[in-house]
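Written below as structure tokens is the structure these notes are about.
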Amino acid sequence: MCVFCKIAAGEIPCTKVYEDEHVLAFLDINPVTQGHTLIIPKKHADDFTQCPSYLVARMHGIARKLAKHYDAILKPKGYHFLSNAKPAAGQSVFHVHFHLIPRYDATDGLDFAFRGTERHKLDPATQKKLHL
């Protein structure tokens, strides 16, 4: 059983901020900012590509509720809502989870930037293939 399954089952303690029959949200044990929260489904799936869409949507809705709640208490200036899927993306716990990370300023503990370049652009034929 994975560590997040054990947390969801109550075998490992956590600081819960939300719980219902399908989803659990708790404060990250190693937060990068104040209020850094993990949102997980109680049912195991390795990452969001393997998780049923209704659960991904539910976790997103819970993130929105938590963000509104945190606005009044923590007063962040913004949020990141993200999930790492697979090792190349930095996933280290293989149970789908979303990070809700309140942002305060450029020195709050998270360095996150997009650094796109020309070499990452796809040729028109490949772009066309990506369309569903």
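Over 27 Å apart at the Cα level, from the set 16/77; 42/65; 43/65; 42/75, are 42/75. Working note: Debye formula, equal point scatterers on the alpha-carbon atoms of the chain, no solvent; log10 I(q)/I(0) at q = 0.09, 0.11, 0.14, 0.19 Å⁻¹ is -0.32, -0.46, -0.71, -1.12. Between residue 77 and residue 16, the simple label model (points 7 Å from Cα in the Cβ direction) yields a spacing of 3.5 nm. Accessible area per residue for the chain, computed on protein heavy atoms with a 1.4 Å probe, is 67 Å².
Helix 53-73 and the longest principal axis of the C-alpha atoms of the chain enclose an angle of approximately 70°. Taking every protein chain into account, the 1.4 Å probe leaves residue 122 with about 80 Å² of accessible area, to the nearest ten.
If you sort 103, 58, 115 by accessible surface, 1.4 Å probe, largest first, the order is 115, 58, 103.
The values are calculated or read from the model by the stated rules, or taken from the named source; none is laboratory data. Computed from a predicted model, the values in this text were never measured in an experiment. When we count neighbours, we look across all protein chains shown, and the Cβ atoms used for this are built from the backbone with ideal geometry, even at glycine. The area values use the complete protein model at the heavy-atom level, side chains included, leaving out ligands, DNA and RNA. Shrake-Rupley method; radii C 1.70, N 1.55, O 1.52, S 1.80 Å.
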